[in-house]
Amino acid sequence: MHTPIAGECAPNQGIYDIAIIGAGITGAAIARQLSHTRLKIALIDAQEDVAMGASRANSAIVHAGYDCPNGSLEAELNVRGNQMFTQWCDELGVPLSRCGSLVIGFDEQDEQVLRDLFERGQRNGVPDLALISGEQAREIEPSLNLDVTLALHAPTAGITCPYQLTIACAENARANGVDWVLNAPVTGIDRRDDQLVIHAGGHTINARYVVNAAGVFADEVSRMMGDDSFTIKPRKGEYMLMDRTATDTWTVVFQTPSKLGKGILVSPTVDGNLFVGPTAHDQMDKLDTEVTDEGIAELTRMSVKSVPNLNFRAVITSFAGVRAQPSTGDFIICQSSIEPRLIQAAGICSPGLTSAPAIAELVQQIMQRMGIDVSERQDAIKERPAIREFRHMNASARRAAIAENPLYGRIICRCETISEAEIVEAIHRGARSLDGVKRRTRAGMGRCQGGFCGPRVMEILARELDLTLPDITKSGGDSWLVEEMQ
Amino acid sequence: MMKYDVVVIGGGPAGLAAAIEAKKGAPEQRVLILERDQALGGILQQCIHNGFGLHYFKEELTGPEYAERFIEQLDGSGIEVFTDTMVLELSKDRRVLAVSREHGLIEIEAGAVVLAMGCRERTRGALNIPGARPAGVFTAGCAQRLVNMEGYLPGRRVVVLGSGDIGLIMARRMTWSGATVALVAELMPYSSGLNRNIVQCLTDNNIPLKFNHTVTQIHGRERLSGVTVAEVDPMTRKPIPGSEQMIECDTLLLSVGLIPENELTQGAGISISPITSGALVDERRETDIEGIFACGNVLHVHDLVDNVSEEATIAGRAAADYVKQGALSGPIAQVRTGRGVRYAVPQRVHAGGEGKLDLYFRVDNAYRGMRVQLRSGDQLLLDRKKQIMTPGEMEKITIDASKVTGDLELMLAEG
């Protein structure tokens, strides 16, 4: 019944072909792609889990690709990534809904921007784009503001779950032999003639090549290898997540974009919730994910412009993520001109999630051009089964699941109907904390926000990992939850 | 498909009392309690402080002792209990879908259903407090479980936001367990908790309580390192600029309100009051769907478990009667609320009933020296002076049921 517990491993004492630094969606997608070859790979991250940076707090949109400047790498990889998404999500058991997106305009100025976007999208090769009237837009999305006069409709846009996709890529990579090296912040890289020696949180990892997918820290990792050709600026985006009762919006609704980003959007999530966001504010601190009063006020003010009858009493939680804005103004995906053993996958701001499969494919092509053998091996595993969810089963599937594993019959998270079997499975696949379980199962994501199931999930973590409750954290590091009574 | 006469959803204080009373009223009926936890007793299991039962049993008990008084009555009663069993769905025609490790997926056809699922705590997310999202922010009830049932301390230096009863109780419990409670901050100019809890939990333990104060910012990346507390304008309840004060702490407990858990209720299409967030019921606690009754904190949040037991007794007896006799007929009078009254339960009563009729209500603000009046048309059915009334304490009035001939209006009046 119990699968063996997988997760973090001590790095191989020998030499890896590839060390990928950063286990966000970019690093995990690259790890997955390269895991289908014969290369020996380590996936390294500073945090206790994969998907701990921008990949756990972003808009979850699979963008169509009309927004990126013509001729940019962003444009090319966005459109290609969007096409690849269906197959990736199918193989990896990750939800994807092609719900389409609308960019809405209210006046002549907006309409000009929309016409420009349409042109740009055509040149980027985005399929099925259409400029439609306000009325047509409200037919597609009845919750829209009545003052919308023109909209850009992109039926190929969709929504997914960014941290589930990252986890799925990392799991698929691991199934093909990739080692996860977590809790391992990279502090230095020695460039020896025969190999690169990576110092990471007490580990020493030897590799022939490094892929730099370190998100907001990619400039620092690059500098460790002598390449200071770019910098990364953190840009905060704040969000509010709402319960299903907030309103009925089924399309991704953008406002006309500004210099700082695609504007505040209102979007359904693949779990049936709704969110508004993001704000876009440049900051100095790469780890500052604090939600601000001003941010919440801005979200509230701007989002009702798109969908007037939003019910803000249905807010479940608010959160913020930090995007990695590159000084070059475009994705940086190339072999470093300073250190040829370094492949950059840096500056992956929006549309980084959408582009991830195409970025992985491009990195593989770059390696091929570098003379690395990246041919696919016969026995590569492509599929990654998702954790089977009790709440989505019909009656006969539920009966069968309980017969096979009685833990499916014990509901731990009452708000989201998550069974003990799913939580145990998540732990066996690598969840080490309350948030790790939450991202993999949704336990604690509902109305009570873990008030009821938190202590029970802590107990299950302790039992499965042979720990005591004071060892259990919210999200690794110093995020302890309880102490011994004195 | 299983068949039971009365199915009680929830084995906390409300469910226990309802099931016992249903069985007493009709010993021949099959009564089943479905409880999602592994043990009966509900939230009482973790309420190890005393102060329970003063009204119902005329003695002072702890939470587990109070629950035990009911649980021991189950022995030999013929009432069946499924613990560790989660109800997934309830339909209008009283079919219950549930699941448990032991029984698998079960479908039950019920003659009558009593809803007794209790309530949950409001969370940080619902308040939208800005700042970081570190470990160390707990609802007071979650912390209570960790301390009293798991035997661990959620932290050493504590701020409590909200002065609800669980927050007050936990401020004392954390102090007694060796932690320091730096402050209890209450947004309103009055507490939503019982006065006796403010005295016994805070005053007696020298824990400071500040009214018109709230937490405006949460600090700390991995574990909580502090909170910013600010005074609020009593009129707008917005923070007053310049009044912010940073308090170092590793733990923030939230006691900012309870919300009846009515997802099953709504799934069955039962009408919910926007004020109580519980079902709209008549004097027998029957909802607007025939044969489905509600009692305890799922109906409206109570401050005393004694009142829960009393209410559950009414619902349990009515459920058994419904199985025997079917629906009650006759004209219905609405219970309307006027000045100063936030809500009253039940919201409607059958006219021309017998015996005593209890009306429970809460006021919408703190009042001194006001009169409670119940009118039916021009007729004053009740007029009673009450020295102090606060939103934190539920009020009760009793009238002769036979006097109800038309709609009622409950209000406060001067003098």
For residues of A:404-413, the mean tally of beta carbons on other chains within 10 Å: 4
Restricting the stretch B:41-115 to chymotrypsin sites (Phe, Trp or Tyr not before Pro) in coil, as DSSP defines it, with at most 16 other Cβ within 10 Å: B:Phe57
Helix B:13-25 axis, angle to chain B major axis (alpha carbon atoms, nearest 10°): 10
Gaussian network model of chain B, Cα within-10 Å springs - most flexible of B:Leu40, B:Leu74, B:Leu16: B:Leu74
The stretch A:139-156-the stretch B:43-62 distance, computed between alpha-carbon centres (Å): 58
P(r) of the protein assembly as shown over all Cα-Cα pairs, binned every 20 Å from zero, in whole percent: 14, 42, 33, 10, 1
The stretch A:159-275 - Rg and Dmax from Cα coordinates, angstrom: 19.7, 60
Integer Hz, Karplus 6.51/-1.76/1.60 couplings in order for the stretch A:383-395, x for Gly and Pro: 8, 10, x, 6, 5, 6, 9, 4, 5, 9, 8, 7, 4
Within the stretch B:123-256: Cβ-based charge dipole about Cα centre, in debye rounded to nearest 20 (Lys, Arg +1; Asp, Glu -1): 220
DSSP-assigned coil residues among trypsin sites (Lys or Arg not before Pro) in the stretch A:152-247, each with at most 16 further Cβ atoms within 10 Å: A:Arg192, A:Arg244
Residue-by-residue Karplus 3J(HN,Hα) for the stretch A:228-237, coefficients 6.51, -1.76, 1.60, Hz, glycine and proline x: 10, 6, 8, 10, 10, 10, x, 10, 7, x
Whole-number percent relative contact order across chain A, with pairs defined as alpha carbons under 8 Å at least 6 apart: 21
Dipole magnitude (debye, nearest 20) for the protein assembly as shown, charges at Cβ of Lys, Arg, Asp, Glu: 440
Order of B:Glu60, A:Glu483, A:Glu416 under a 10 Å beta carbon neighbour criterion, fewest first: B:Glu60, A:Glu483, A:Glu416
Global form of the stretch A:364-486, assessed from the alpha-carbon gyration tensor, a/c cut-off 1.5: oblate
Unit charges at the beta carbon, dipole of the stretch A:349-437: most positive-side option, A:Cys349, A:Tyr408, A:Ala360: A:Tyr408
Residue exposure sequence - A:Trp88, A:Trp480, B:Trp176, A:Trp250 - by fewest surrounding Cβ within 10 Å: B:Trp176, A:Trp250, A:Trp480, A:Trp88
Charge dipole of the stretch B:334-415 about the Cα centre (unit charges at C-beta), most positive-ward option of B:Gly340, B:Asn365, B:Gly353: B:Asn365
Per-residue HN-Hα couplings for the stretch B:334-341 [Karplus 6.51, -1.76, 1.60; θ = phi - 60°; Hz; x = Gly/Pro]: 7, 9, 9, 10, x, 3, x, 9
Positive-end residue, the protein assembly as shown charge dipole about Cα centroid, Cβ charges, pick of A:Ala57, A:Ile205, A:Val79: A:Ala57
Set of lysines near B:Lys58 by C-alpha distance (under 19 Å), chain-local residues within fewer than 8 positions excluded: B:Lys396
10 Å Cβ neighbours from other chains, averaged over peptide A:282-293: 3
Sites B:Lys58 and A:Glu119, calculated FRET efficiency, Cβ-Cβ separation with R0 51 Å, nearest 0.05: 0.05
On Cα atoms only, tilt of B:165-176 relative to the major axis of chain B in degrees: 50
19 Å Cα-Cα threshold exceeded, pairs from B:Lys23/B:Lys356; A:Lys286/B:Lys238; A:Lys286/A:Lys438; B:Lys3/B:Lys92: B:Lys23/B:Lys356; A:Lys286/B:Lys238; A:Lys286/A:Lys438
Other-chain or far-sequence residues with amide H under 5 Å of A:Asn183's (modelled H): A:Asp45, A:Gln47, A:Glu48, A:Asp49
Per-pair calculated FRET efficiency, R0 = 56 Å: A:Glu294 and A:Gln13 via Cβ, rounded to 0.05: 0.65
DSSP-loop trypsin sites (Lys or Arg not before Pro) across the stretch B:55-119, with at most 14 other Cβ within 10 angstrom: B:Lys58, B:Lys92
Residues with amide H under 5 Å from that of B:Ala279, placed H, sequence gap 5 or more: B:Ser273
Overall form of the stretch B:123-256 per C-alpha gyration tensor (a/c, 1.5; a/b vs b/c): oblate
Lys, Arg +1 and Asp, Glu -1 on Cβ, resulting dipole of the stretch B:282-340 about Cα centre, debye, nearest 20: 140
Which of A:Glu484, B:Glu35 has the fewest Cβ neighbours within 10 Å, and the rest in rising order: A:Glu484, B:Glu35
Value of [θ]222 nm, deg cm²/dmol, for the protein assembly as shown, DSSP H segments ≥ 4, -39500 (n - 2.57) each, nearest 500: -7500 deg cm²/dmol
Efficiency of FRET between B:Asn128 and A:Ser133 - r from beta-carbon atoms, R0 35 angstrom, step 0.05: 0.45
Three-way shape call for chain B based on the alpha-carbon gyration tensor, with the a/c threshold at 1.5: oblate
Lysines with Cα under 18 Å of A:Lys382, excluding same-chain neighbours fewer than 8 positions away: A:Lys40
Peptide A:451-459, shielding by other chains (average Cβ, 10 Å cutoff): 5
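Every number here is computed from the coordinates shown, using simple stated rules; none is lab data. Note that this is a predicted model, so its numbers are computed, not measured. Backbone-built Cβ (ideal geometry, glycine too); neighbour counts: all protein chains shown.
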